[in-house]
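Report on the following structure.
Read-outs: derived from the displayed coordinates by stated rules, not from any lab. In this text, all values refer to a predicted model and were calculated from it rather than measured experimentally. So basically every Cβ, Gly included, is an ideal-geometry build from the backbone, and we count neighbours across all protein chains shown.
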Amino acid sequence: MTLEVDIAHRQGNFALETRFESAGRLTALFGPSGSGKSSLINIIAGLTKPERGRVVVDGRVLVDTGRRVFVPKHRRRIGLVFQDARLFPHMSVAANLRYGRFFTPAAERYAQMDTVVDLLGIGHLLDRRPSGLSGGEKQRVAIGRALLASPKLLLMDEPLASLDEARKAEIMPYIERLRDETKIPIVYVSHSVAEVARLASEVVVLSAGRVTASGPAAAILQRLDLLPAEERGEGGSLLETVVARHDEEFAMTVLSSAAGEIRVPRLALAVGAPVRLRMRARDVMVATERPRGLSALNVLAGRVSAVEPGEGGSVEVHIDCGGAPVLARITRQSRQALGLEPGREVFAVVKTVSFDRANTAAGLRLPNGGREVDA
């Protein structure tokens, strides 16, 4: 799926001027509150008609103001999931789900009720009313309703923003399953680095109504200057790894990557499963000699590729570890003391406990022999 957006629209004093293309499985629209993410989602969905521009989804023109093309929202075959589930309170879960099929002609329906219910783990909820559901359960039902419309594109507008951390942890694996086990492309709005790092293949960064950067998630999340001030501590490197083995004695999992083996807290994944690993720049120490007598278990050999100024008294050290990029944020004093310059051989050191559940996720790509299925 390719998504092409080139629009200009003004709402009051706010001007939205965005242009980007994405072919990602899950494209994240990322930026602080007020940056224009939801306004852009509304234009893609057909809820807002832009003053000027063009929106094309997989070759199908939805908006082209120059040619006076504007496909009505009910004919766009786009599923929408909002912050609040917006379920019908007087209907059961099963009835809410079936409502999703209402606007799709029978001949164009591909999503099956049983498949969607199984995908989202909501079979035990079918007879309940929304008032008897938790926040996470409501969002799973809302996602199911959107899927049963047999959409060609799914738009998710900060679906976890209204949930507490426990409910977020509950629903995140279902969004991963949706991304990995269906062929439906997703545009996902968020202002959370942790969500974007775990879910996105492509990232479009918005600020004050304009695109400041777009590209693969691994490249964007290393650009700490692109992240909202309150989220910069969460930025760093994304590594694609594979489960090599489990260390049952110490409750650890050993991951294989281009950078070398990395030990993380025990993961409930099979050997060979792909894992996306987020390595926060603030968690990475740099040594010019292989450390000895150190509690940190992960020591990755590499070479400094660049050193860039950071905020205040910090610098950002880019390290090439066997072709895998690792980013470290250290003080200018440490950089001077270690004599860190491009080309210097170093070791990136990371504690195992840094890789909590928010920093490890089932990999975006399917493992060898994996399969994709229709929703």
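The distance from the alpha carbon centre of region 95-143 to that of region 29-66 is 27 Å, rounded to a whole number.
Between Asp247 and Ser162, the modelled label-to-label distance comes to 4.4 nm, taking each label 7 Å out from Cα in the direction of the beta carbon.
Mean projected area of the Cα convex hull of the chain, taken over all directions, amounts to 21.0 nm².
Here the average projected area of the convex hull drawn through the C-alpha atoms of region 302-351 stands at 3.4 nm².
Please build a GNM for the chain, connecting alpha carbons under 10 Å apart, and tell me which residue among Arg278, Arg198, Arg86 fluctuates the most. Largest GNM mean-square fluctuation: Arg86. The chymotrypsin sites (Phe, Trp or Tyr not before Pro) of region 89-168 meeting both criteria, a DSSP state outside H, G, I, E and B (loop) and at most 15 other C-beta atoms within 10 angstrom of the site's C-beta, are Phe102, Phe103, Tyr110. Per residue, the convex hull around the alpha carbon atoms of region 238-362 comes to 99 Å³. What is the list of residues in region 81-106 whose amide nitrogen lies under 20 Å from a point 7 angstrom out from the Cα of Asp127, following Cα to Cβ? Zone members listed by number: 89-99. Straight Cα distances below 21 angstrom link Lys49 to the lysines Lys37, Lys73, Lys152, with same-chain residues fewer than 8 positions distant left out. Its convex hull of Cα atoms gives region 1-117 a direction-averaged projected area, equal to a quarter of the hull surface, of 9.2 nm².
Ignoring lysines fewer than eight residues from Lys168 along the same chain, the ones with Cα atoms less than 16 angstrom from its Cα are Lys138.
The distance between label points at Phe88 and Ala219 comes to 4.6 nm (points 7 Å beyond Cα on the Cα→Cβ vector). Of the GluC sites (Glu not before Pro) found in region 199-259, the ones in coil according to DSSP and having at most 14 other Cβ atoms within 10 Å of their Cβ are Glu248, Glu249.
Computed over the Cα atoms of region 122-241, pair by distinct pair, the Kirkwood hydrodynamic radius stands at 15.8 angstrom.
Distance between the pseudo-spin-label points of Ala106 and Arg19 (7 Å out from Cα toward the beta carbon): 4.7 nm.
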